[in-house]
1. Given the residues Arg91, Arg159, which is the only one that is within 16 Å of Met175 (Cβ to Cβ) and out of contact with any Pro (no Cβ under 6 Å at 6 or more places or on another chain)?
2. Looking only at the stretch 123-143, filter to residues that are open to solvent by 50 Å² or more (accessible area, probe 1.4 Å) and over 21 Å from Pro75 (Cα atoms); which one of those is modelled with the highest pLDDT?
3. State all residues of the stretch 1-57 that are over 29 Å from Ile117 (Cβ atoms) and in contact (Cβ under 8 Å) with a residue 12 or more places away in the chain; if no residue qualifies, say none.
4. Among all residue pairs at least 6 apart or on different chains, which show Cβ distances below 8 Å where the first residue, located in the stretch 108-132, is under 17 Å from Val68 (Cα atoms) and without any contact (Cβ under 8 Å) to a residue 40 or more places away in the chain and the second is of a type in the set (Phe, Trp, Tyr) and crowded, with 16+ Cβ neighbours inside 10 Å?
5. Would you mention how many residues in the stretch 45-89 are hydrophobic (A, V, I, L, M, F, W, C), open to solvent by 50 Å² or more (accessible area, probe 1.4 Å) and modelled with pLDDT under 75?
6. Filter the stretch 144-176 down to the residues that are within 23 Å of Ala76 (Cα to Cα) and among the hydroxyl-bearing types (Ser, Thr, Tyr), then identify the one that is least open to solvent (accessible area, probe 1.4 Å).
Amino acid sequence: QIRAQETELSKLRKENSQLTQELIALEERLMKLQEDKAKEDDSLQAVLADQEKYKLAAGVVEVKGPGVIITLEDPAVDEEIGDSYSELIYRYDLILELVNRLREAGAEAISINGHRIVNTTEISLAGDNVNINGTPTAPPYAVKAIGKPDTMESALTIRFGILEQMQNYGIRTDMI
């Protein structure tokens, strides 16, 4: 019976793979048809441009380009105390502040540990974790932002800015 289930599972995986490939091909064909039609129709071209803008805002498309990566780590653990306390989790409001500063600096897309941050994203404290859209995350945090690197770096490293505030709490920050 186990062998029969494995065979069925293998068959379903193969079918799923084939259907996924077919879906990708159909989506590519639809996009090509839309692009071809948009070349003929200015109003459709405007609608498709708006559609791309909304997809970007909703975080459903992959974004590439220049930007910054900010790594946030808790202070080094004192060996004598052996405390497992996380300053980043306790002070998660600093993460929210960092996201807001990046947005103000013109970041087009932001992610934290692979979770895309959009207008409806919820970042909240839940026990010993910071939840991003209900998914528990823990330090260290890799905050990636797409946009003008110089502008974002200036906004974050300004005197008494968010990165300095984090460092005052012992949070280790690194920006590349």
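The values are calculated or read from the model by the stated rules, or taken from the named source; none is laboratory data. Because the structure is a prediction, the values reported are computed rather than measured. Note that each Cβ is placed from the backbone with ideal geometry, even for glycine, and that neighbours are counted across all protein chains shown. Protein only, heavy atoms only, side chains kept; ligands, DNA and RNA dropped before computing areas. Shrake-Rupley method; radii C 1.70, N 1.55, O 1.52, S 1.80 Å.
1. Numbers: Arg91 fails: within 16 Å of Met175 (Cβ to Cβ).
Only one candidate passes the filter, namely Arg159.
2. Applying the filter and picking the extreme gives Thr135.
3. Taking the stretch 1-57 first, the residues over 29 Å from Ile117 (Cβ atoms) are 1-19, 21-22, 25-26, 29, 32-33, 35-45.
Listed by number, the list holds a single entry, Glu35.
4. Qualifying pairs under 8 Å: Ile112/Tyr141; Asn113/Tyr141.
5. 6
6. Here the answer is Thr173.
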